[in-house]
Amino acid sequence: MTIFINMKGFFFGSFDPPHIGHVNVVTAALNSGYIDNVEVVPAFKSVWKNTETPWDYRLMMCKMAFDKIPNVRVNSMEYFLAKGEPLPTYKVIDFLKEVEKEDFYIVTTNETYREIRVWQEGERILKENKFLIVCSYHFPEIFEVSISDISIFAPDITICSTNLRQKIKDGKLVQPFITSDVARLIDKLNLYK
């Protein structure tokens, strides 16, 4: 395994809510040796979803879920870039290319990697960027990756935010899939009910 010094990864998502699967992706990326820090970037307003929790609540939940993990930082850049509107991921990546002094990886899952082609400017995103793809065994389909992309495996955790929102709405227990801090904030703000 090659160790890169000061190689950063950016992990994009709605994080509505952030859960143990997201934490698993970030820790697998850090443990891979290909990157040594990750910036978690919550979408200001998803281009794909029209019902989501307000950005400031998702930002707070992300900080609760990720801030205690060494070498992880929650980045609020989309708030400033979006100007109140949904922001396609390619615009965030283009901004990062202007401001970052060093190369970086886009940290993603194999499920999301396969969906990128249908995003706005998806083919360009795939062609012009390096990805650290965190794969899980519950999503075993073979997929084609660029020569500059790296695939790693993470412990298998099958969970998604959509499922968690429904469980909360139905009054079901959602721990250990979210941290107790995030669970308290969801309860306090009466989210997903």
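Things worth noting here:
- Among 108-116, 11-19, 67-75, the peptide with the highest mean count of other Cβ atoms within 10 Å heads the list, and the full ranking is 11-19, 108-116, 67-75.
- Net charge over other residues, Cβ less than 14 angstrom from the Cβ of Val99 (K, R count +1; D, E count -1): -3
- Computed over the chain, the convex hull of the alpha-carbon atoms projects to a mean area of 10.8 nm².
- Protein heavy-atom accessible surface, 1.4 Å probe, per residue over the chain: 55 Å².
- Counting only lysines at least 8 places from Lys169 when in the same chain, those with an alpha carbon closer than 28 Å to its own are Lys45, Lys49, Lys63, Lys68, Lys188, Lys193.
- Overall Cα dimensions of region 1-110 - principal axes, largest extent first, Å: 41, 31, 24
- For the chain, calculated [θ]222 nm from helices alone, where every DSSP H run of n ≥ 4 adds -39500 (n - 2.57): -10500 deg cm²/dmol
- Portion, in percent, of the accessible area of the chain that falls on carbon or sulfur, probe 1.4 Å: 53 percent
- Residues whose placed amide H lies under 5 Å from that of Tyr105, excluding near-sequence neighbours: Lys8, Gly9, Phe10
- When nucleic acids and ligands are ignored and a 1.4 Å probe is applied, Lys49 ends up with an accessible area of around 90 Å².
- Per-residue extension of 0.36 nm, minus the Cα-Cα distance of Val118 and Asp67, leaves a gain of 15.2 nm for this segment.
- C-alpha long axis of helix 55-66 to longest principal axis of the chain, angle in °: 70 degrees
- Contact order normalised by residue count of the chain, Cα under 8 Å, 6+ apart, percent: 26 percent
The values are calculated or read from the model by the stated rules, or taken from the named source; none is laboratory data. Here the structure is a predicted model, which means the values were calculated and not measured. Quick reminder, even Gly has a Cβ in these numbers, built from the backbone with ideal geometry, and neighbours come from all protein chains shown. Side chains included, ligands, DNA and RNA excluded: accessible areas come from the protein's heavy atoms. Shrake-Rupley method; radii C 1.70, N 1.55, O 1.52, S 1.80 Å.
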